[in-house]
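Novice: Here you go, one structure.
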Amino acid sequence: MEHARDVVQAGPHPRRTGLGTVMPPNPNGGITGATTTGHRRSGSHGNGPRSPVLEQRMTSSAERRGWLSVTSVALGSFVLVLSEFLPIGLLPAIAADLDVGIGTAGLMVVATGLVGAVAAPVVTVLTSRVDRRVVLVSLTALLVVADGLAAAAPAFWVLLVARMLLGVGIGGFWAIGAGIAGRLVRSDVVIRATSLITAGVSVATVVSLPLGALVSSLASWRLAFVIGGGLGLVALVLQLAMLPRIPALQQVRFATLGSLLRVPRARVGLIAAAFLFAAQFAAYTYIAPYLQQLVGVGPDTITIALLVFGIAGIVGNFVAGFTLGRSVLGTIGSAKFVLAAAVVALPLLAHSVVGVFVLLVVWGLVWGALPLGMQTWMSTASPAGSETGLALFVTTIQLAIAAGSVLGGAAVSSLGLAADFWLSGAVAVVGAVVLVSMGLRRSNAAAPAAAAETTATGSVAVACP
């Protein structure tokens, strides 16, 4: 008896499906020889072919388990991003309780991002021979430990260490988990499954700031980390129960990561991602001051505006799950230009609250689509498999987020809030031009070959531009 998560050596030419099971080709065009937990290949009694009804039930069961596995990874991504952003609304309370300045307290946000940037390639290389289930579960467990340590931190340096541990979890989890859908579900639904995983980011972005503010006003800031750790524990249990064995496909070396920079499609994707995330966070970091000072609305309206932006981002994420199947380049390129236009128009429509809300909806929709789009691009860019491309992608976006925040701060301090948004729009346009111009030149030759390779290795399979 073979387990569904193991390789089935049946037939002359076995092949791997998106569910992580190897099946022999059917000469009549179908798939035969599938196994699921608790069943033998040759029928319920081991002495004859399975009936079509039994075959269908077993396939449906495997598909349901695949989607539950995706959900467990999505919950992990949600809790990681929630834990990363929670402290932003807690900085004054943390600074007062641990007797440090606001600026010093802000270091725990920066430290998480920088450690995540380093951890993405390091974790990818060091764990490249380890079952991906073991790696993902271990990183989720690290999240629980980090949030527990943060909740109990008696001094700021302990809290800083906890945030660094979280950075390791974020960098490693995203480098591996963001592209894992191709190993869990059928190839024709991989993009939709990946959009479910990335939706965790959008939902966490919506929830984290209001939740942090609410906790800070009603109880100790430590409760926020207890909530994060508790949700992480739920994700951990779900992953232990649902994730199948996901054997490592190949060893990754640091030299492999470096060689990826010589792949034109990967290089284009990383440059475009750097411009995109720098532009986004140069503007988004200062969206609350913009609403307060230029639009002239109060805290309640600001909270509603941020919720509207976040909900639009969730919708955009799932819409992209369908449009990316038609054209990756078209989806990303058009979304970048629309994002730039919306950001540039915000200061011009600051006199109209309705106009500002409309632009926030548009901005949120296209921003929700872009992380999934860039992730899909990078998943198909690496001949060495999706994890290699996603490791450098995570490093790039973490550094770009930090650079964008610094760029936005310098612009606000020197030129004002309106100039910051116009500068962000210009950076986004540059990124869009780089992607479209260079991407069109390279896509005809590079994308089909890369997509074929990643499909063969069980990574994200998409209809490339």
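The values are calculated or read from the model by the stated rules, or taken from the named source; none is laboratory data. All figures in this text were calculated on a predicted structure; none of them were measured in a lab. Ideal geometry is used to build each Cβ from the backbone, glycine not excepted, and the neighbour counts take in all protein chains shown. We work out accessible area using only protein heavy atoms, side chains counted, and drop any ligands, DNA or RNA first. Shrake-Rupley method; radii C 1.70, N 1.55, O 1.52, S 1.80 Å.
Novice: Just to be sure before I move on: is S220 part of a loop (DSSP other than H, G, I, E, B) and not charged (D, E, K, R) in the structure I sent?
Specialist: Yes.
Novice: Something else now. Which one of these does A381 not meet: (1) assigned to a helix (DSSP H, G or I); (2) touching a helix residue (DSSP H, G or I) at 6+ places or on another chain (Cβ under 6 Å); (3) open to solvent by less than 10 Å² (accessible area, probe 1.4 Å)?
Specialist: It fails just one condition, (1).
Novice: Of all residues being at pLDDT below 85, open to solvent by 10 Å² or more (accessible area, probe 1.4 Å) and not in a helix (DSSP H, G or I) in segment 284-326, which is nearest to L346 (Cα to Cα)? Just the residue, please.
Specialist: In this case the residue turns out to be Y286.
Novice: Additional query: All but one of (1) open to solvent by less than 30 Å² (accessible area, probe 1.4 Å); (2) out of contact with any Phe, Trp or Tyr (no Cβ under 6 Å at 6 or more places or on another chain); (3) at pLDDT 60 or above hold for V460; which doesn't?
Specialist: Looking at each condition in turn, V460 falls short on (3).
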